[in-house]
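These notes concern the structure reproduced below.
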Amino acid sequence: MKRIIVTVLLIAASFVLGFAFKTMTTNHNNKMKKVTGIGGIFFKCKDPKKMTAWYQKHLGLPANPYGASFEWYEGDDSTKKAQTQWTPFPETTKYFGPSAQDFMINYRVENLEALVEELKKEGVTIVDKIETYDYGKFVHILDAEGNKVELWEPKD
């Protein structure tokens with residue numbers, strides 16, 4: 001029960017942070033925009049299908065094969081649809097590695113290639129190469145405490 005409460009609080013906080021990041025990520029001193037919002041919250045659990053079903057039944061999450069997607073619109077442009085993904089992973093997943101955390105945050109970014117080059121110059125550990133899919137580009141980095149973070153440039 002404690003894990004469920006923590007997970008619900010994490011999800012709620014992600015949406016609040018997503019909107020806060022949107023207002024905080026204006027260009028200052030001609031630096032490029034980095035994070036534009038929260039792209040997703042991923043967490044480990046014993047039975048991802050059971051967890052997804054529980055959230056769908058009790059909290060009304062709109063389940064899909066990857067968990068649930070929350071659609072919203074960016075800023076004042078009511079035509080620019082975006083989404084935040086919620087996904088339970090098996091507790092044995094290696095996807096969060098090398099981090100030992102039970103969760104991973106996915107941040108929406110602009111111009112992933114330029115951002116990765118800037119991060120390299122700043123000494124940030126880049127875990128893998130940029131991968132491109134029909135829904136966007138991804139790369140993983142490590143934060144200051146070794147937590148794996150996913151960066152996503154969506155194809156909105």
Number of positions in segment 62-82 that are open to solvent by less than 80 Å² (accessible area, probe 1.4 Å) and in contact (Cβ under 8 Å) with a residue 12 or more places away in the chain: 8
Kindly evaluate Thr132 against the criterion of being in a strand (DSSP E or B) and open to solvent by 80 Å² or more (accessible area, probe 1.4 Å). yes
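Residues are listed down the side, and each one gets a yes or a no for (1) part of a loop (DSSP other than H, G, I, E, B); (2) open to solvent by less than 90 Å² (accessible area, probe 1.4 Å):
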| site | (1), (2) |
| --- | --- |
| Thr84 | no, yes |
| Thr92 | yes, no |
| Phe96 | yes, yes |
| Met104 | no, yes |
| Val124 | yes, yes |
| Ala144 | yes, no |
| Val149 | no, yes |
Can you tell me which residue within segment 45-73, out of those that are polar (S, T, N, Q) and assigned to a helix (DSSP H, G or I), is nearest to Tyr95 (Cα to Cα)? Thr52
Which one is nearest to Thr87 (Cα to Cα) among residues in segment 106-122 that are out of contact with any helix residue (DSSP H, G or I) (no Cβ under 9 Å at 6 or more places or on another chain) and open to solvent by less than 30 Å² (accessible area, probe 1.4 Å)? Asn106
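The values are calculated or read from the model by the stated rules, or taken from the named source; none is laboratory data. Quick caveat: nothing in here was measured; it's all calculated off a predicted structure. Heads up, the Cβs are rebuilt from the backbone with ideal geometry, glycines too, and the neighbour counts pull from every protein chain shown. SASA here: full protein model, heavy atoms, side chains in, ligands and nucleic acids out. Shrake-Rupley method; radii C 1.70, N 1.55, O 1.52, S 1.80 Å.
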